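To start, the structure under review is shown below, and the notes come after it.
The values are calculated or read from the model by the stated rules, or taken from the named source; none is laboratory data. Note that the coordinates shown come from a computational prediction; the quantities given were computed from them, not determined experimentally. In this analysis, Cβ positions are derived from the backbone assuming ideal geometry, glycine residues included, and neighbour counts consider all displayed protein chains.
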Amino acid sequence: MKQIITHLILLFSITTYAQDISGKWSGIIESGKSEPVVFNFTFEKIGEKYSTIIDIPAMRTTNLKPKETVFSKAVLVVDGSNLGFRYQGNFNKDLSQIEGTFTEGLNALPLVLKKVQIETEHTFKRPQEPVKPYPYIEEEITFYNKEANITLSGTLTLPSKTGKYPIVILISGSGPQDRDETFYEHKPFLVLSDYLTKQGIGVLRYDDRGFGKSTGDHSLATTKDLASDVLSAIDYLKSRKNVGKIGLIGHSEGAIIAPMVSNLNKNVAFIIMLGGSGISGSDVSLFLAKKTRGFPVQDEVAYELAIKKAIKIAAADKDLTEIKKELRIHYNEAIVPMLKPIINSDSKIETIISNLIEIRTTPWNRYFYNYNPANKLEKITCPVLALNGSKDTQVEPKINQEGIRNALTKANNKDFTVNEIPNLNHLFQECETGEMNEYSTIDQTIAPFVLKQLSDWILAHSK
C-alpha cells in the first residue's frame, strides 16, 4: 500500500542539490545492490527555498515533486515527506558534490550526488505495451472535482463503434501515480486499458491529483479525498454519450477506494479489486513495517509491540502537536535502543526518528490507520471480483481475502468472486519470488490470462 509504493519510489529515487544547485545531479543508492539514479532538478529560487522536479529515467517516472527543498549555508534539506523520504546533505565545495543521507522510514542510506550523468544499463523489454496507431479512439480529457476545486487530467479510450458500451474507471495504488500507474519500469494501466478497449470496453484513467497534468496537492489527500476524485470521474462519464454501465477497477489502494465510492454513488454497476486488502489500515501498516524493515532486531515481539503502539498513537483523535510529542517519547524509549547497535551516530538516529514521526502523521496515514474496507464491503450488493496473487508480498492474500469474503457474505451479496491466483505478485505478473526487486526484471506487465479474465467478467456483467 502507500508505505510500500513510497518505499519503491524511494529505494530508487532520491533528491539532490548544490551551491547554485540548479541542474542535473546523479548518485548511486546501495540497497543490497547498486542502483544508479539520475535526477533532473529544476530549481526556482525563492529566498533559500527551491522548487524541485525529479525525473527518474530508470523507473520511467517523471515530475515527482518533493514537499520542500531548502539550501542554506552549504546544507541541503529535501523534505520529501509527501513521497515518504528525507534527504539531507552537505555541499563539498572542493569535490563539487553533495554528501548526504537518504532516509526512508528506518532505513538511512548514504547518497553522494554529483553534477554528472550516470548512464543506466537497463534496457528492459515491455512487449505488452501498445504501439500507436491504436485501433480505437483515444481522447485527452479533463474533469473537475468541485469539492476539492481541482482539475484531473486523463485519457479516455473508447471502442471504435457506435452504441453504448461499458466503461471502467481505473483507480491507482497509493502514492502519487500517473495515469499509466508507471511503476518499476512497467505501465500496468496502459496495458490494461489497451487490452480492455480492444475487447469493446471503454476505459478512463487519470493522473492522481497533484501529479502529472492534474492539479491539487497529493501530500494532503486522504483515501477519502481520493475517492472524491473517482466520484467526479463518474459524473464526467455520465455527461458523455455512448456510456453504458460504469464499473470500477482499483489496484492496491485503489481496490479499497472502489467500495467506498460504490457506497456513495448508485451508478457503480460493478467493482473489481486487484491486490486489495480486507483488513484495517492499522493491520496492513503493521504487516508492511515488519516486511520492509530492512534491518535486524534482537526481539521481534518487542519490535512488533513498538510499531503497534506507534500506530495507535498516530491514529488517535488528538491535536497533531500532542501526537508528535507522544511519538517522539515512544520512539526514544522503544526504537532508539534497537537502532543504536547498528547505527553508530546519534545525529543519524535523530534524523530517522524525525522522519518516522513525519511519515506516521501525514494526513493519508492517519486516515488509513482508522479505515477498514471491510466496513464498506459489508454494504456492497453490486457484483464484485476480487483477485490477489499468491506471491503478493505487499498485500498478504489469505488474511485479506478472508476479510473481503466475510464482508461480502455479511452484505448478502449474491454475485461475488474472490480468487487467489497462484504464482502472481502484487502487479499480477507471473513471478518467482513476488519480491519487489523482481518487478522490473520481468518482461511481462500483467499476466495475459488475468487480462482475459477481467475482460470476460466485465462483459458478462455488462449485459
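Within the range 341-425, considering only helices (runs of 4 or more DSSP H) that don't extend past its boundaries, which have at least 3 residues that are hydrophobic (A, V, I, L, M, F, W, C) and surrounded by 18 or more Cβ atoms within 10 Å (Cβ to Cβ)?
Details: elements: 346-360, 363-369, 373-377, 397-410.
Filter on the range 341-425 gives 346-360, 397-410.
Taken together, R209, R179, R205 contain a single residue that is in contact (Cβ under 8 Å) with a residue 12 or more places away in the chain and in a strand (DSSP E or B), which is R205.
Of all positions in the range 189-200, none carries a residue that is out of contact with any helix residue (DSSP H, G or I) (no Cβ under 6 Å at 6 or more places or on another chain), part of a loop (DSSP other than H, G, I, E, B), buried (at least 20 other Cβ atoms within 10 Å of the Cβ) and not aromatic (F, W, Y).
Going residue by residue through the range 145-164, is there one that turns out to be surrounded by fewer than 19 Cβ atoms within 10 Å (Cβ to Cβ) and part of a strand (DSSP E or B)?
First pass over the range 145-164, keeping only residues surrounded by fewer than 19 Cβ atoms within 10 Å (Cβ to Cβ): 146-147, 149, 151, 153, 160-164.
Keeping just the survivors that are part of a strand (DSSP E or B) gives 151, 153.
So far as the range 145-164 goes, yes, one or more of its residues are surrounded by fewer than 19 Cβ atoms within 10 Å (Cβ to Cβ) and part of a strand (DSSP E or B).
Checking each residue in the range 274-321 for being among the β-branched types (V, I, T) and within 19 Å of T103 (Cβ to Cβ) picks out T292, V297, I307. Among the conditions (1) touching a Lys or Arg at 6+ places or on another chain (Cβ under 7 Å); (2) assigned to a strand (DSSP E or B), K245 misses just one, which is (1).
Within the range 126-146, is there a residue that is modelled with pLDDT of 95 or more, in contact with a helix residue (DSSP H, G or I) (Cβ under 6 Å, 6 or more places away or on another chain), under 30 Å from E358 (Cα atoms) and of a type outside the set (G, A, S)? Yes: one or more hits.
Select, from I421, I404, I446, the only residue that is closer than 24 Å to S285 by Cβ and of a type in the set (V, I, T).
From the options I421, I404, I446, the qualifying one is I404.
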